[in-house]
Amino acid sequence: MDPAFPPPAPAPGRRSGFWPILIVALIAVVLWRAGGAWSHAGRGDAGAGRVRWQDRAKASEISLRARRPILYDFTAAWCGPCRLLDRDWDDAAIAQTVDASFVPVRIVDRQREDGGNAPEIGDLQSKYEISGFPTLVLTAADGRLLGKLEGYRGRAALVKFLNEAPRN
């Protein structure tokens, strides 16, 4: 830009286009974020996909009554491979298998986001030796370990784990 020829000033009574554009952009960002929250309303950290995730505190009781093992999905919001697993949870056939065969419980690690986890989550992570995410842990109603799948190994490995898992 040549300093001898500065850009023309807005005509009297006309506003610069910067502020209206900024306001529209801010409104768009707020609506976009709110739309994401609305699409996950009621789910929060409780679940992903079509799987009907159960409350952690009631899992043992449901497992005993339904005679199905508990399937824990240890996950974290920052975890890229966990997002890949979340896509598998959205598959209708996988969700149907999980809901029919297991008591699915999602355990979301909040260490990075909140600086710590609730004591009961830390206890579960310690008990089942969770060292990375995602990790699937299959247990009997009494907490006895039946199986474990560490890391995301793809849809085929997930289906194999679910189909070959012991049923209490």
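Structure summary
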quantity	calculated
Some residue of the range 51-69 being closer than 20 Å to Thr135 by Cβ, part of a loop (DSSP other than H, G, I, E, B), of a type in the set (A, V, I, L, M, F, W, C) and at pLDDT 95 or above	yes
Strands (runs of 3 or more DSSP E) enclosed by the range 81-168 - at least 1 residues per element that are hydroxyl-bearing (Ser, Thr, Tyr) and within 19 Å of the chain's Cα centre (by Cα)	135-139
Hey, Asp90 among the acidic types (Asp, Glu) and surrounded by fewer than 15 Cβ atoms within 10 Å (Cβ to Cβ) or not	yes
Selection within the range 114-147 - closer than 14 Å to Thr75 by Cα, open to solvent by 70 Å² or more (accessible area, probe 1.4 Å) and touching a residue at least 12 places away in the same chain (Cβ under 8 Å)	Ser131
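The values are calculated or read from the model by the stated rules, or taken from the named source; none is laboratory data. Since the structure is predicted, the reported quantities are computational estimates derived from the model, not experimental observations. Virtual Cβ from ideal backbone geometry, glycine too; neighbours counted across all protein chains shown. Heads up: the accessible areas ignore ligands, DNA and RNA and are worked out on the full protein's heavy atoms, side chains in. Shrake-Rupley method; radii C 1.70, N 1.55, O 1.52, S 1.80 Å.
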